[in-house]
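Written out below as structure tokens is the structure these notes cover.
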Amino acid sequence: MASTPGCIAVLNAGSSSIKFALYDARPDGNLLFRGQIEKLGLAPHLIARDAAGVTVVERHWPEGGLDHHSATAEIMTMGRELLNGRPVLAFGHRVVHGGTAYSEPVRIDAAIMADLAKLVPLAPLHQPHNLAPIAAIAGAAPDLPQIACFDTAFHRTQPALAQEFALPREITASGVRRYGFHGLSYDYVVRQVRKTLTLAPEARLVVAHLGNGASLCAVRDGRSVASTMGFTAVDGLMMGTRTGALDPGVLLYLLQERGFDAARIEDLIYRRSGLLGVSGLSSDMRTLRQSKAPEAGEAIALFVYRIVREIGSLAAAMGGIDAIVFTAGIGENDAATRAEIVAGCRWLGLELDERLNEQGGRCISAAGATVSAWIVPTDEERMIAHYTREALAD
Ligand code: ADP
């Protein structure tokens, strides 16, 4: 009798949610289930769907009912029930920070876990949440392989200049440098571009990951050469609730003249700014698009303006641009934002085919445009599953 095919489990743990996905472990194996527990620490809610999007499990917990450890245990129990005897061969995890040392995924052991914990000060809002499920699984199933896949890794190909701030050498040497994030998304999208689009492999791309978090990446020969995010994921573009790049003098002014402390600054730049702060209404692009309030329009205009400015900067870093690729929630779904960005980049040779853009096809640029424009849906969980399979095969 043929043995039961094994599965790969993927976890993507954020501050208040853990997303999960289960894949067939065979090469290019299908998605089996995906879902998330959200509102951890508040009123946790679990939803799991099968590959067709049909809800197969839904559960609620009372206020404060789960932390990251107990939520991981719930996901493991639910996964076992859903898989009905099919074994999980390995867990793959999204880990936001791999520092300068980790430029590819790695199988986690106690020494690596200790190493990753040392990076917590570089990403205090994300790294501890990424590591909590790894510790929970290592406690419950010590022999199960766990693979860490880093959001910073894709950017380690950037030239040294692109990774440096103009700071004294000893501060740079201590790790205060530009790391870049959203690397798993860029990795996935660039592979899709090279596999499925009619672009030369050496094409100079700007990939625009526009979701709640937003960043751009300049890609040449399939490798990251520059990105808008820096030391932390608050740099670069304006986002749902994050400021993006901000004159550091603003922070000094708030600290010295306005009585802000570090905690209040953190709250301001990560949670109360961006689309939410400027509109005063919402961090959600769909809500802003539906609003008639002038502040909603102003927030969107600033979001687009910042992206257009940064596309120019990345084009300069590559000495030109051959294509732009839109991805993530806004990039994949919001035709109006894509149209406004491309209108601001006409000087670079970009032009949209309005009908294709509205329809949301793959190629959305006009026939005569010298720089092409594309939509490529991202899938960070599938990228993690791919790396986890590779690590198992090694
Ligand atoms: P995250 O960074 O949390 O993964 P997503 O990639 O899911 O975020 O992107 C969320 C953003 O995408 C929200 O601003 C949401 O409004 C926007 N979005 C999703 N669908 C649409 C749509 N059809 N039109 C406009 N914006 C959309």
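What to note about this one:
- Checklist (1) loosely packed, with under 15 Cβ neighbours inside 10 Å; (2) among the small types (G, A, S); (3) in contact with a helix residue (DSSP H, G or I) (Cβ under 7 Å, 6 or more places away or on another chain); (4) at pLDDT 95 or above applied to G175, failing item: (4)
- Residue in region 288-301 that is assigned to a helix (DSSP H, G or I) and touching a strand residue (DSSP E or B) at 6+ places or on another chain (Cβ under 7 Å) present: no
- Boolean, G277 is modelled with pLDDT of 95 or more, within 15 Å of the ligand (Cβ to nearest atom) and touching a His at 6+ places or on another chain (Cβ under 9 Å): no
- Only one of E380, E332 that is in contact with a Lys or Arg (Cβ under 7 Å, 6 or more places away or on another chain), acidic (D, E) and within 30 Å of C149 (Cα to Cα): E380
- Out of P248, P294, sole residue that is surrounded by fewer than 16 Cβ atoms within 10 Å (Cβ to Cβ) and either within 27 Å of R177 (Cα to Cα) or β-branched (V, I, T) (or both): P248
- Taking the criterion of being in contact with a strand residue (DSSP E or B) (Cβ under 8 Å, 6 or more places away or on another chain) and among the aliphatic types (A, V, I, L, M), the residues of region 176-201 that qualify are L184, V189, V190, V193, L197, L199.
- Among (1) exposed (fewer than 14 other Cβ atoms within 10 Å of the Cβ); (2) small (G, A, S); (3) at pLDDT 95 or above, the one test that G64 misses: (3)
- Only residues that are more than 6 Å from the ligand (Cβ to nearest atom), assigned to a helix (DSSP H, G or I) and surrounded by fewer than 24 Cβ atoms within 10 Å (Cβ to Cβ) were counted across region 321-335, and they come to 2.
- For region 318-364, taking the residues that are among the polar types (S, T, N, Q) and touching a residue at least 40 places away in the same chain (Cβ under 8 Å), the one that is nearest to S283 (Cα to Cα) is identified as T337.
- Restricting region 1-25 to residues that are of a type outside the set (S, T, Y) and without any contact (Cβ under 8 Å) to a residue 24 or more places away in the chain leaves a set whose member that is farthest from P87 (Cα to Cα) is M1.
- Selection count, region 184-240, where residues are outside any loop (DSSP other than H, G, I, E, B), hydroxyl-bearing (S, T, Y) and away from the ligand (no atom under 16 Å from the Cβ): 2
- Verdict on F303 being within 13 Å of the ligand (Cβ to nearest atom), within 30 Å of P27 (Cα to Cα) and of a type in the set (F, W, Y): no
- Check on A339, on the phi < 0 side of the Ramachandran plot, touching an Asp or Glu at 6+ places or on another chain (Cβ under 9 Å) and at pLDDT 95 or above: yes
- Cross-chain or 6+ apart pairs with Cβ under 8 Å, region 191-217 first and farther than 18 Å from D284 by Cβ, then more than 16 Å from the ligand (Cβ to nearest atom) and of a type in the set (F, W, Y): V193/W374; L197/W374; C217/F154
- Some residue of region 17-39 being modelled with pLDDT of 95 or more, more than 21 Å from L184 (Cα to Cα), among the hydroxyl-bearing types (S, T, Y) and in a strand (DSSP E or B): no
- Being more than 23 Å from C149 (Cβ to Cβ) and in a helix (DSSP H, G or I) is a description that applies to T77.
- For region 280-295, a residue qualifies if it is of a type in the set (A, V, I, L, M), closer than 16 Å to T243 by Cα and more than 8 Å from the ligand (Cβ to nearest atom), and exactly one does: L281.
- The requirement of being assigned to a strand (DSSP E or B), of a type in the set (A, V, I, L, M) and touching a strand residue (DSSP E or B) at 6+ places or on another chain (Cβ under 8 Å) is fulfilled somewhere in region 97-109, by at least one residue.
- Filtering region 349-365 to residues that are under 25 Å from P201 (Cβ atoms) and in contact with a helix residue (DSSP H, G or I) (Cβ under 6 Å, 6 or more places away or on another chain) leaves L350, L352, I364.
- Selection count where residues are surrounded by 13 or more Cβ atoms within 10 Å (Cβ to Cβ), β-branched (V, I, T) and either more than 18 Å from G14 (Cα to Cα) or in contact with a helix residue (DSSP H, G or I) (Cβ under 6 Å, 6 or more places away or on another chain) (or both), scope region 74-95: 2
- Boolean, S313 is surrounded by 17 or more Cβ atoms within 10 Å (Cβ to Cβ), farther than 27 Å from Q36 by Cβ and of a type outside the set (A, V, I, L, M): no
The values are calculated or read from the model by the stated rules, or taken from the named source; none is laboratory data. Computed from a prediction, not measured in an experiment: that's the story for all the values here. Methodologically, a virtual Cβ is constructed for each residue, glycine included, from the backbone with ideal geometry; neighbour enumeration extends over all protein chains shown.
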